[in-house]
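Here is the structure we will look at.
The values are calculated or read from the model by the stated rules, or taken from the named source; none is laboratory data. No experiment lies behind these values; they were computed from the predicted model shown. So basically every Cβ, Gly included, is an ideal-geometry build from the backbone, and we count neighbours across all protein chains shown. Keep in mind that these areas ignore ligands, DNA and RNA; they rest on the heavy atoms of the full protein, side chains included. Shrake-Rupley method; radii C 1.70, N 1.55, O 1.52, S 1.80 Å.
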Amino acid sequence: MAIVPARLEDPRLAGLVAEHLAEMEPTAPACSRHALSLEQFRDPAVRLWVAESAGALVGSVALKDLGGGHLELKTMRVAPSLRGSGLGRRLLDHALEQARAAGATRVSLETGSGDVFAPARGLYRAHGFVDCEPFGDYRPDRHSTFLTRPL
(Lines give C-alpha, C1' and ligand atoms only; values in the text may rest on other atoms or scores of the structure.)
Protein backbone atom coordinates (compact mmCIF):
# COMPACT_ATOMS: atom_id res chain seq x y z
CA MET A 1 0.00 0.00 0.00
CA ALA A 2 1.27 3.45 -0.91
CA ILE A 3 0.24 6.92 0.25
CA VAL A 4 0.70 9.32 -2.65
CA PRO A 5 -0.39 12.83 -3.65
CA ALA A 6 -3.87 12.72 -5.14
CA ARG A 7 -4.41 13.54 -8.80
CA LEU A 8 -7.63 15.53 -9.05
CA GLU A 9 -8.27 14.30 -12.58
CA ASP A 10 -8.19 10.64 -11.44
CA PRO A 11 -11.76 9.30 -11.82
CA ARG A 12 -11.19 7.03 -8.83
CA LEU A 13 -10.81 10.14 -6.67
CA ALA A 14 -14.25 11.41 -7.64
CA GLY A 15 -15.68 8.09 -6.46
CA LEU A 16 -13.75 8.19 -3.19
CA VAL A 17 -14.90 11.74 -2.44
CA ALA A 18 -18.51 10.90 -3.36
CA GLU A 19 -18.44 7.90 -0.99
CA HIS A 20 -17.05 10.09 1.78
CA LEU A 21 -19.72 12.76 1.30
CA ALA A 22 -22.48 10.13 1.16
CA GLU A 23 -21.23 8.51 4.36
CA MET A 24 -21.18 11.88 6.14
CA GLU A 25 -24.70 12.87 5.00
CA PRO A 26 -26.71 11.03 7.69
CA THR A 27 -24.38 12.10 10.51
CA ALA A 28 -25.46 15.75 10.82
CA PRO A 29 -27.51 18.49 9.14
CA ALA A 30 -25.91 19.96 6.01
CA CYS A 31 -24.84 23.11 7.87
CA SER A 32 -22.86 20.95 10.31
CA ARG A 33 -21.03 18.80 7.72
CA HIS A 34 -17.63 20.15 6.74
CA ALA A 35 -16.28 17.51 4.37
CA LEU A 36 -14.70 18.97 1.23
CA SER A 37 -16.12 18.45 -2.25
CA LEU A 38 -13.89 17.46 -5.15
CA GLU A 39 -13.94 21.05 -6.40
CA GLN A 40 -12.76 22.36 -3.00
CA PHE A 41 -9.59 20.28 -3.33
CA ARG A 42 -8.55 22.63 -6.15
CA ASP A 43 -7.90 25.32 -3.53
CA PRO A 44 -4.11 25.83 -3.47
CA ALA A 45 -4.26 25.92 0.35
CA VAL A 46 -5.34 22.23 0.37
CA ARG A 47 -3.04 19.23 -0.18
CA LEU A 48 -4.62 15.80 -0.54
CA TRP A 49 -3.06 12.33 -0.37
CA VAL A 50 -4.65 8.98 -1.11
CA ALA A 51 -3.85 5.44 -0.09
CA GLU A 52 -3.68 3.06 -3.06
CA SER A 53 -3.91 -0.70 -2.82
CA ALA A 54 -4.29 -3.18 -5.68
CA GLY A 55 -5.37 -0.42 -8.06
CA ALA A 56 -8.03 0.98 -5.73
CA LEU A 57 -8.11 4.14 -3.63
CA VAL A 58 -8.76 2.95 -0.09
CA GLY A 59 -8.12 6.03 2.01
CA SER A 60 -7.44 9.74 2.03
CA VAL A 61 -6.11 12.55 4.17
CA ALA A 62 -5.71 16.27 3.48
CA LEU A 63 -4.15 19.32 5.06
CA LYS A 64 -5.52 22.83 4.65
CA ASP A 65 -3.25 25.79 5.34
CA LEU A 66 -4.99 28.20 7.72
CA GLY A 67 -2.01 30.56 7.83
CA GLY A 68 0.53 31.35 10.51
CA GLY A 69 1.84 27.77 10.73
CA HIS A 70 -1.62 26.37 11.53
CA LEU A 71 -2.90 23.50 9.37
CA GLU A 72 -6.26 21.79 9.43
CA LEU A 73 -6.56 18.04 9.00
CA LYS A 74 -9.33 17.26 6.49
CA THR A 75 -10.87 14.25 4.74
CA MET A 76 -9.47 11.45 6.89
CA ARG A 77 -11.12 8.43 5.33
CA VAL A 78 -10.50 4.69 5.32
CA ALA A 79 -12.54 2.34 3.15
CA PRO A 80 -15.05 0.47 5.36
CA SER A 81 -13.44 -2.89 4.53
CA LEU A 82 -10.09 -1.68 5.93
CA ARG A 83 -11.25 0.05 9.10
CA GLY A 84 -9.40 -1.31 12.09
CA SER A 85 -6.44 -2.36 9.90
CA GLY A 86 -4.12 0.46 10.97
CA LEU A 87 -4.53 2.42 7.74
CA GLY A 88 -6.07 5.37 9.57
CA ARG A 89 -3.02 5.52 11.83
CA ARG A 90 -0.73 5.43 8.77
CA LEU A 91 -2.67 8.22 7.06
CA LEU A 92 -2.61 10.37 10.18
CA ASP A 93 1.13 9.77 10.68
CA HIS A 94 1.70 10.72 7.04
CA ALA A 95 -0.26 13.95 7.42
CA LEU A 96 1.61 14.90 10.60
CA GLU A 97 4.96 14.19 8.90
CA GLN A 98 3.92 16.38 5.95
CA ALA A 99 2.81 19.13 8.33
CA ARG A 100 6.17 19.07 10.12
CA ALA A 101 8.04 19.09 6.80
CA ALA A 102 6.02 22.16 5.77
CA GLY A 103 7.09 23.95 8.95
CA ALA A 104 3.68 23.92 10.60
CA THR A 105 3.52 24.50 14.34
CA ARG A 106 -0.07 23.30 14.95
CA VAL A 107 -2.59 20.92 13.40
CA SER A 108 -6.28 21.14 14.26
CA LEU A 109 -9.36 19.31 13.08
CA GLU A 110 -13.13 19.21 13.24
CA THR A 111 -14.85 15.85 13.46
CA GLY A 112 -18.31 14.69 14.36
CA SER A 113 -19.53 14.41 17.93
CA GLY A 114 -21.77 11.39 17.31
CA ASP A 115 -21.02 7.80 18.27
CA VAL A 116 -20.05 6.89 14.70
CA PHE A 117 -17.04 9.20 15.09
CA ALA A 118 -15.85 7.72 18.42
CA PRO A 119 -13.12 5.57 16.79
CA ALA A 120 -11.79 8.61 14.91
CA ARG A 121 -11.76 10.74 18.05
CA GLY A 122 -9.91 7.94 19.85
CA LEU A 123 -7.30 7.79 17.08
CA TYR A 124 -6.75 11.54 17.16
CA ARG A 125 -6.49 11.64 20.95
CA ALA A 126 -4.02 8.73 20.90
CA HIS A 127 -1.87 10.92 18.61
CA GLY A 128 -1.81 13.82 21.07
CA PHE A 129 -4.82 15.82 19.92
CA VAL A 130 -6.78 17.54 22.69
CA ASP A 131 -10.13 19.31 22.73
CA CYS A 132 -10.09 22.96 21.72
CA GLU A 133 -12.39 25.82 20.85
CA PRO A 134 -13.61 26.22 17.27
CA PHE A 135 -10.87 27.59 15.02
CA GLY A 136 -10.75 29.25 11.61
CA ASP A 137 -14.27 29.85 10.29
CA TYR A 138 -15.90 27.26 12.56
CA ARG A 139 -18.48 28.19 15.17
CA PRO A 140 -19.66 26.17 18.19
CA ASP A 141 -21.84 23.30 16.98
CA ARG A 142 -23.27 20.39 18.97
CA HIS A 143 -22.52 18.11 16.00
CA SER A 144 -18.80 18.98 16.03
CA THR A 145 -15.78 18.14 18.14
CA PHE A 146 -12.72 20.36 17.71
CA LEU A 147 -9.24 18.99 18.44
CA THR A 148 -5.73 20.39 18.14
CA ARG A 149 -2.12 19.51 18.81
CA PRO A 150 1.19 21.36 18.58
CA LEU A 151 3.97 19.97 16.42
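Quick rundown of the values:
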{"item": "For THR145, distant residues with modelled amide H under 5 Å away", "result": "THR111, GLY112, SER113"}
{"item": "The chain: translational diffusion in µm²/s, Stokes-Einstein, Kirkwood Rh over Cα pairs, 4 °C, 1.567 mPa s", "result": "83"}
{"item": "Accessible area in square angstrom per residue, segment 20-123, 1.4 angstrom probe", "result": "47"}
{"item": "Rounded D (µm²/s) - segment 85-138, Kirkwood Rh over Cα pairs, Stokes-Einstein at 37 °C, 0.692 mPa s", "result": "265"}
{"item": "Charged-residue dipole, Cβ positions (Lys, Arg, Asp, Glu), segment 1-97 about Cα centre, Debye nearest 20", "result": "160"}
{"item": "Vicinal HN-Hα couplings computed from phi for segment 90-106 (Karplus, 6.51 cos²θ - 1.76 cosθ + 1.60; Hz; Gly/Pro x)", "result": "5, 5, 5, 4, 4, 4, 5, 5, 5, 5, 4, 4, 7, x, 5, 10, 8"}
{"item": "Charge-dipole axis of segment 29-121 as Lys and Arg at +1 and Asp and Glu at -1 on Cβ define it, positive-most pick from VAL58, ALA118, VAL78", "result": "ALA118"}
{"item": "Coarse-grained scattering of segment 15-67 at q = 0.13, 0.20, 0.26 Å⁻¹, given as base-10 log I(q)/I(0) from a Debye sum over alpha-carbon atoms", "result": "-0.37, -0.82, -1.12"}
{"item": "Share of carbon and sulfur in the accessible heavy-atom surface of the chain [1.4 Å probe, %]", "result": "52"}
{"item": "Average Cα contact separation per residue, the chain, under 8 Å, 6 or more apart, as relative contact order %", "result": "19"}
{"item": "Placed amide H near VAL58: partners under 5 Å, 5+ positions off or other chain", "result": "ALA51, GLU52, SER53"}
{"item": "Amide H contacts under 5 Å for ALA6, placed H, 5+ residues apart", "result": "LEU48, TRP49, VAL50"}
